[in-house]
Amino acid sequence: MKKLLVLGCTGSIGSQTLDIARNMRDDFTVVGITAGHKRDELEKLSREFGCPGSLYEDEGIEGIRKLAESCGADMAVNGIAGAAGLRPSAIALECGMDLALANKETVVMAWPLIQALAKKIGRSIIPVDSEHSAVFNLIHQSGKDNISQIVITASGGPFREYTDAQLESVTVEQALRHPTWNMGPKITIDSATLANKGLEVIEACRLFDMPTDRIKVLVHPQSLIHSLVRTRDGMLYAQISNPDMRHPIFGALTWPENRETYLEEFDLAGHTMTFFPPRMDSFPMLQLAYSCAKEGKSYTTAFNAANEVAVAAFVAKKCGFMDIPRIVAGCLELDWSQEADSLETVFEMDAKARNEAERQFVKIAGGSV
């Protein structure tokens, strides 16, 4: 029986984790849950699973720390969105838990620190993103030394066939309609700009210790192949399933075992799969992310922070869709070569980048964030 702490229990990842726990009560027990807000839903889930809950909005990071220290979980599932998920990742590891990680910012902002912490206490970090979960499993099956290339698939978002002129007039409502996945608003916008895929390139470089020239993005609108690896003999190996986030969550919860699942099996019959190269010039967030992944240091933190500011401005209808990459590119013109030696330094760089992104917003879009 594995004991779970679910961070961000009311979000997409957290909700689907709890769905697995409901269906596999002999295998998992939920011993703690947290939410950013939605107190009524948190209390309802706390009663259902018979476990304590913590509301981040009211209790802050100390509420999460107290819960993590007292709940006795074997594994934490971090489904918190944004930079707010970084400290909870560190807390889970400090409390001796394995970490099933869906929070991109933990890797993008502070991977060297988080990786060192996990190694120090002997805990595992298992990626939950569908793409990185696929790569994680494919590498374990093929052997790291046999991998010559990682291929991350992208749906391409709802605007993959738009002209550059059409992209300039994209509305918030259009951007929030993802063609394949049902996700929160921030990640849905990021998928539309390809910023999400850019963040995943950064993650892949760090999680799997690969240089940027060995990470490729391939647009695959059907979202059935979640990622591929190319072995040294030139062969490609893929992980294929229905676009259901419960599959990678299930894989993380049961790792290192390969367990029988209650989820629907995928049948290739009747499906057509298509593939295209990404349009880097039309979707510059992806190229910016590649550059930041190559530079390392605090560039990745700046990319993430500036993107969060720009996306918030777009969702609030204060700037245009293509202003998002303009704001981020402007922010990245500063020097971000400082190495972060602590989480405090990471958050200092994050704050600096947010301030610069707000300045870029005023310069590009006018008004205030």
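The values are calculated or read from the model by the stated rules, or taken from the named source; none is laboratory data. Everything numeric in this text was worked out from a predicted model, so none of it was measured. Positions of Cβ are backbone-derived with ideal geometry, glycine not excepted, and every protein chain shown enters the neighbour counts. Heads up: the accessible areas ignore ligands, DNA and RNA and are worked out on the full protein's heavy atoms, side chains in. Shrake-Rupley method; radii C 1.70, N 1.55, O 1.52, S 1.80 Å.
Hey, does region 253-267 have a residue that's of a type outside the set (A, V, I, L, M), part of a strand (DSSP E or B) and open to solvent by 50 Å² or more (accessible area, probe 1.4 Å)? No, region 253-267 contains no residue that is of a type outside the set (A, V, I, L, M), part of a strand (DSSP E or B) and open to solvent by 50 Å² or more (accessible area, probe 1.4 Å). Per the conditions (1) aliphatic (A, V, I, L, M); (2) under 17 Å from the mean Cα position of the chain (by Cα); (3) open to solvent by 50 Å² or more (accessible area, probe 1.4 Å), the sole criterion not satisfied by VAL135 is (3). Against the test of being surrounded by 20 or more Cβ atoms within 10 Å (Cβ to Cβ), out of contact with any Lys or Arg (no Cβ under 6 Å at 6 or more places or on another chain) and not acidic (Asp, Glu), the options ALA83, ALA116 yield a single qualifying residue, ALA83.
If the condition is being over 25 Å from ALA351 (Cβ atoms) and free of Cβ contacts under 8 Å to residues at least 24 places away in the same chain, then region 109-130 contributes LYS119, LYS120, GLY122. So, SER227, is that one in contact (Cβ under 8 Å) with a residue 60 or more places away in the chain, in a loop (DSSP other than H, G, I, E, B) and surrounded by 19 or more Cβ atoms within 10 Å (Cβ to Cβ) or not? Here the answer is no, as SER227 does not meet what is asked. Looking only at residues in region 283-308 that are within 19 Å of ALA154 (Cα to Cα) and aromatic (Phe, Trp, Tyr), the one that is surrounded by the most Cβ atoms within 10 Å (Cβ to Cβ) is PHE283.
Residue-by-condition table, conditions (1) in a helix (DSSP H, G or I); (2) within 23 Å of ASN103 (Cβ to Cβ):
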position: LYS297; (1), (2): no, yes
position: THR301; (1), (2): yes, yes
position: GLU308; (1), (2): yes, yes
position: VAL311; (1), (2): yes, yes
position: LYS317; (1), (2): no, no
position: TRP336; (1), (2): no, yes
position: THR345; (1), (2): yes, yes
position: GLU348; (1), (2): yes, yes
position: ALA357; (1), (2): yes, yes
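Cβ-Cβ contacts under 6 Å between residues 6 or more apart (or on different chains), taken from a first residue in region 307-325 that is closer than 19 Å to ARG160 by Cβ to a second residue that is in a loop (DSSP other than H, G, I, E, B), are listed as PHE321/VAL170; MET322/GLU168.
Going through (1) more than 26 Å from PRO185 (Cα to Cα); (2) open to solvent by 50 Å² or more (accessible area, probe 1.4 Å); (3) not aromatic (Phe, Trp, Tyr) one by one, ARG39 falls short only on (1).
Scoring THR272 on the criteria (1) hydroxyl-bearing (Ser, Thr, Tyr); (2) over 24 Å from LEU99 (Cβ atoms); (3) crowded, with 16+ Cβ neighbours inside 10 Å leaves a single failure, condition (3).
Can you confirm whether PHE361 is under 26 Å from LEU167 (Cβ atoms) and part of a loop (DSSP other than H, G, I, E, B)? Give the steps one after another, and end with the answer.
Values: under 26 Å from LEU167 (Cβ atoms): yes; part of a loop (DSSP other than H, G, I, E, B): no.
For PHE361, the condition - under 26 Å from LEU167 (Cβ atoms) and part of a loop (DSSP other than H, G, I, E, B) - is not met.
PRO243 falls short on exactly one of the conditions (1) modelled with pLDDT of 95 or more; (2) surrounded by 13 or more Cβ atoms within 10 Å (Cβ to Cβ); (3) closer than 26 Å to VAL108 by Cβ, and that condition is (1). Cβ-Cβ distances below 7 Å connect the following pairs, each with a first residue in region 91-102 that is under 18 Å from GLY63 (Cα atoms), a second residue that is at pLDDT 95 or above and among the small types (Gly, Ala, Ser), and a separation of six or more residues or different chains: ILE91/ALA68; ALA92/ALA68; ALA92/ALA76; LEU93/ALA118; CYS95/ALA68; MET97/ALA73; MET97/ALA76.
Would region 76-92 turn up any residue that is touching a Pro at 6+ places or on another chain (Cβ under 9 Å) and closer than 13 Å to LEU4 by Cα? Give the derivation first.
Taking region 76-92 and keeping what is touching a Pro at 6+ places or on another chain (Cβ under 9 Å), we get 76, 78, 80.
This time we only want the ones that are closer than 13 Å to LEU4 by Cα, so: 76, 78.
Yes; the residues of region 76-92 include at least one that is touching a Pro at 6+ places or on another chain (Cβ under 9 Å) and closer than 13 Å to LEU4 by Cα.
The strands (runs of 3 or more DSSP E) located wholly in region 17-122 that include 1 or more residues which are over 30 Å from THR300 (Cβ atoms) occupy 28-35, 53-55. If you go through region 215-228 and keep only what is farther than 14 Å from VAL201 by Cα and either at pLDDT 95 or above or over 18 Å from the mean Cα position of the chain (by Cα) (or both), you end up with HIS220, PRO221, GLN222, LEU224, ILE225.
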